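For reference, the structure discussed in these notes is given below.
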Amino acid sequence: MKNSLLRTAWAQSNISSPYSIIYIKMLWGDEMQKFIINGGRRLRGELALQGSKNSSLPIMAAALLCKGECTLHSCPRLTDVYAASRILNWVGCKCSFSDNTAVISSEFIGRTEISECLMREMRSSIIFMGAMLGRAGECVVSVPGGCELGPRPIDMHLAALRKMGVDIRESGGSIICKAAGGRAKGARISLAFPSVGATENIILCAVTADGETVVNNAAREPEICDLCGFLRACGADIKGDGGSRITVNGKKQLHGCEYTIMPDRIVGATYLSMAAAAKGELILTNACVPEMEPFLSVLEQTGCSVYTSDNKIYLRSGARLTAVKERIRTMPHPGFPTDAQAVLMAALSVADGTSIFEENIFDCRYRHAEALIKMGADIDVLGKVAVVRGVSSLRGASVEATDLRGGAAMVIAALCAEGTTEMTRICHIDRGYEKMEEAVRMLGGDMRRA
Ligand code: UD1
């Protein structure tokens with residue numbers, strides 16, 4: 001109990017020294033926690049969606065660009081968000097939380113180098129590169145390694161920033177960036193693939209650059225629009241977000257603002273898949289319905305009843321799910337989201353019939369399949385294709401969360417399995433879901449953290 005309280009205190013702390021991070025992690029081993037899940041209960045109830053992780057992280061980085069105070073409402077309490085706040089405090093900002101509101105003051109910046117240890121706490125820390133360049137015209141960050149989804153290159157980020165007049169050198173794992181004359185320059189950039197992170201880094205660097213930046217083949221994800229919405233509230237001049245061509249006119253300085261982060265469409269897809277698999281009934285409130293359409297249109301094909309109104313989604317799943325006939329292809333937005341692939345796969349593993357997934361965004365995004373197979377699922381993975389033949393029931397097992405969404409998929413499988421599942425490495429799940437065990441218990445599921 002004492003250890004658990006200490007672990008929670010650390011995860012939520014703003015301590016930014018890399019040495020304290022290593023020390024505290026060694027001492028309390030936040031990777032030792034596990035979930036105990038007893039399956040077979042019907043889930044029923046109402047949940048309010050948390051704020052989006054994938055919006056919060058670039059928006060927190062963007063707060064670096066504002067000489068003033070930014071107040072972010074609906075900021076989810078997640079380990080990745082705390083990792084971003086530790087980076088902000090490390091470079092000299094003041095970031096504090098009160099419930100789901102984060103207040104970031106970036107009046108003063110004392111450092112432009114982000115320690116490797118802080119960078120490695122989360123892969124998305126690479127977006128601090130564009131933000132720091134936008135604020136200070138220089139930065140030193142570390143090369144992100146591969147991650148649980150396979151190699152995560154940043155070649156497009158670097159090529160784009162170079163086009164904006166930033167000199168970038170790599171030395172001993174560090175990336176040393178310096179804009180000529182202390183300010184990046186506007187440029188015309190065409191991305192070979194609509195990378196979310198590269199689009200964000202370009203926008204973050206461009207909002208205070210000298211002149212106009214045009215990004216062709218930009219990512220169209222709703223979180224890009226949320227980032228742009230925040231930056232506009234800070235005085236930035238950005239047009240075309242949500243489309244493939246974004247135009248940014250650089251301003252000398254941005255100011256602080258008050259902003260509410262959009263709901264998390266992937267967390268929404270997770271709880272809807274969970275209720276669907278557990279023959280449940282769910283009302284999701286604070287939902288971003290239009291942004292969730294690519295997922296909802298596939299979910300409807302499983303035979304569940306799905307109704308939407310304003311910011312609410314209602315789902316009822318009485319009988320066994322039916323397999324999805326069309327191949328489920330993950331694609332950049334507005335295609336089916338790669339982040340929802342694992343959770344839908346868990347639900348379809350108990351559907352009637354065979355569903356086929358095609359993963360087109362990441363090379364290594366079927367690692368959860370092995371755990372689902374251990375629980376009795378019938379899945380064949382052949383390169384980027386996974387064939388899921390629905391089984392009538394799953395059984396509890398000891399499994400290890402492989403990554404954030406893969407871990408969530410295992411929770412879904414465990415909740416509709418017979419018997420008990422013990423899941424380790426749940427630190428992956430805490431990166432993106434606010435107290436998942438409490439949400440599941442509110443819906444009537446039997447899930448606890450030990
Ligand atoms: C973001 C999301 C992640 C989501 C992904 C795709 C955040 C914090 N993360 O990740 O949840 O799964 O978008 O929707 O918002 N690539 C390159 N070179 C580059 C950049 C990317 O080859 O310079 C490749 C990647 O390896 C990957 C693909 O492009 O195969 C898509 O990556 P990208 O859109 O950049 O994803 P992230 O921003 O990392």
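The values are calculated or read from the model by the stated rules, or taken from the named source; none is laboratory data. Here the structure is a predicted model, which means the values were calculated and not measured. All Cβ positions, glycine included, derive from the backbone under ideal geometry; neighbour counts span all protein chains shown. Please note that ligands, DNA and RNA were not included when accessible areas were found on the heavy atoms of the full protein model with its side chains. Shrake-Rupley method; radii C 1.70, N 1.55, O 1.52, S 1.80 Å.
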Fully extended contour minus Cα-Cα distance, from E69 to E326, at 0.36 nm per residue: 87.7 nm
Highest-fluctuation residue, Q301, Q341, Q50 considered, GNM on the chain with Cα pairs under 10 Å: Q301
FRET efficiency, 1/(1 + (r/R0)^6) with R0 22 Å, evaluated for A159 and N360 via beta carbons: 0.50
Point-charge dipole on Cβ atoms (K/R +1, D/E -1) for the chain, about Cα centre, debye to 20: 240 debye
GNM result for the chain, Cα springs below 10 Å: residue of I266, I412, I379 fluctuating most strongly: I379
Evaluated at q = 0.06, 0.10, 0.14 Å⁻¹: base-10 log I(q)/I(0), Debye formula over Cα of the chain: -0.25, -0.70, -1.32
Value of Rg/Rh across the stretch 51-170 [Cα atoms, Kirkwood radius]: 0.95
Cβ charges +1 (Lys, Arg) and -1 (Asp, Glu), total dipole of the stretch 53-260, debye: 420 debye
Accessible area expressed per residue, the stretch 53-260, with surrounding protein chains retained (probe 1.4 Å, Å²): 35 Å²
Trypsin sites (Lys or Arg not before Pro) restricted to DSSP loop in the stretch 230-268 with at most 11 other C-beta within 10 Å: K252
Cα-Cα P(r), the stretch 53-260, percent of pairs per 10 Å interval: 9, 40, 40, 11, 0
Antiparallel %, DSSP beta bridges [both residues in the stretch 53-260], to 5: 75 percent
Interchain or long-range residues, amide H under 5 Å from M262's placed H: S52
Three-way shape label, the stretch 293-450, alpha-carbon gyration tensor, a/c 1.5: rounded
Given charges at beta-carbon only (K, R positive; D, E negative), |dipole| of the stretch 378-432 in Debye: 160 debye
In the stretch 103-210, GluC sites (Glu not before Pro) in a DSSP loop with at most 12 other beta-carbon atoms within 10 Å: E107
Long-range tail of P(r) for the stretch 320-393 (Cα pairs > 15 Å, %): 47 percent
For T354, distant residues with modelled amide H under 5 Å away: G390
Sites matching trypsin sites (Lys or Arg not before Pro) across the stretch 103-175 that sit in DSSP coil, with at most 15 neighbouring C-beta atoms within 10 Å: R111
Dipole-positive endmost among N201, G172, P76 within the chain (Cβ charges, Cα centre): G172
